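I have placed the structure first, in the form of structure tokens, so that the comments after it can refer back to it.
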């Protein structure tokens, strides 16, 4: 097993990785910005290094500062968490070239999946279903208009280098496409340094379902069930559950097999996620993207399968077999995750501030992965995620009941927060039926 691990991230995911590292006897090293010096993950690490000011470009994305911290602390490995440098192939290569262990997939797999057009083409070649769309970037507006005519409106306009729900727009006709193309291209150039744009068929009523994969050290790729992620705002997830209420055993078999093919196509190692769009009426699903990292919503898979995905990541990176029998994977019960964000519950606009009250719920089947405690300040420099409230029950009904109780027992004051939204969602007939899609949040507002 790895002996010392530098966690190149912050907040709840850094705290969560540190928790597993310390349980395994692995020395945990935190890096932090000046703004995060008082957060729990810094105190809970065995050692901590400040890597710069609040601006992520000067701290959490500062590769030179992070590598210097690894050298000065004698770290053996680096875990990037999610976001920041987690899907930066150049950083992964640099880590390994420095003689350190990268806890994640190989840089080639990250590169292959980082470009959405290349990823689509690779998946199509591997027999993974993809929606109608462009096989090369739309070089200019004329090319985009021509491509949309072939695909048929409405179309999704996407940044080829984008991810995490950023850099996307919907065009219902040519006039809208002219606006969205310029908007997405400008955003992509500004955010990703790559203005390449792709077009895909847009599905107005569709579900977002993903499969957790784990590429083992021996070369096998496993599929650890699916997660339903259709409760979203601005194309970003608020609630995830496993298993998906829309997936039948037959569909699950096809979905998981396709995810394994996707992983095998890029010789995938470590944890990753194959995201798909699902038309539950027809049973058709289409590859959306592959996240070459640990997902925010990994706890629902952990609770259903009874494993620690961070531990499995560390074992793969160390060349060790998993803690479980890959030929005897079992799923038990139902899990739901609610992302508790520092944002208002109606418009979902950020509302940072100092936490005056923070009381986490407890009880059977309740887990809270949090990045803050009472007295901490949620700053405007980073993502608004404060905590993840995860519940597990024998079935979906019991999980929902436990979620309602846990939300009511989560006392939070200071920053704005979206707990009232979850109170409403957990009483919503559409959500309770399990027959919902990615438009559910807009219908709740």
Worksheet item: Would you call residue 194 at pLDDT below 95, over 15 Å from the mean Cα position of the chain (by Cα), closer than 27 Å to residue 88 by Cβ and part of a loop (DSSP other than H, G, I, E, B)?
Response: yes
Worksheet item: Within region 310-382, which strands (runs of 3 or more DSSP E) (wholly inside it) include 3 or more residues that are under 22 Å from the mean Cα position of the chain (by Cα) and within 19 Å of residue 296 (Cα to Cα)?
Response: 334-341, 366-370
Discussion item. Conditions first: (1) under 23 Å from residue 302 (Cα atoms); (2) assigned to a strand (DSSP E or B); (3) over 24 Å from the mean Cα position of the chain (by Cα). Residue 387 passes all but one, so which condition is the exception?
Written reply: (3)
Fill in: Search result, residues across region 277-311 that are modelled with pLDDT of 95 or more, out of contact with any strand residue (DSSP E or B) (no Cβ under 6 Å at 6 or more places or on another chain) and either crowded, with 21+ Cβ neighbours inside 10 Å or at positive phi (or both)
293, 296, 298, 302, 306, 310
Worksheet entry | Some residue of region 165-188 being under 24 Å from residue 258 (Cβ atoms) and surrounded by fewer than 23 Cβ atoms within 10 Å (Cβ to Cβ) | yes
Discussion item. Please go through region 263-287 and give me each residue that is outside any strand (DSSP E or B) and closer than 12 Å to residue 105 by Cβ, ordered by number.
Written reply: 263, 266, 267, 268, 269
Fill in: Odd one out for residue 177, checked against (1) at pLDDT 95 or above; (2) not in a helix (DSSP H, G or I)
(2)
Discussion item. Given the condition over 23 Å from residue 133 (Cα atoms) and assigned to a strand (DSSP E or B), answer yes or no: does some residue in region 288-297 qualify?
Written reply: no
Practice prompt. Name the one entry in 348, 422 that is in contact with a helix residue (DSSP H, G or I) (Cβ under 7 Å, 6 or more places away or on another chain) and either closer than 30 Å to residue 56 by Cα or touching a residue at least 12 places away in the same chain (Cβ under 8 Å) (or both).
Written response: 422
Fill in: Yes/no for residue 150 being without any contact (Cβ under 8 Å) to a residue 40 or more places away in the chain, surrounded by fewer than 17 Cβ atoms within 10 Å (Cβ to Cβ) and more than 22 Å from residue 277 (Cβ to Cβ)
no
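The values are calculated or read from the model by the stated rules, or taken from the named source; none is laboratory data. Keep in mind the model is a prediction, meaning the values are calculated, not measured. Quick reminder, even Gly has a Cβ in these numbers, built from the backbone with ideal geometry, and neighbours come from all protein chains shown.
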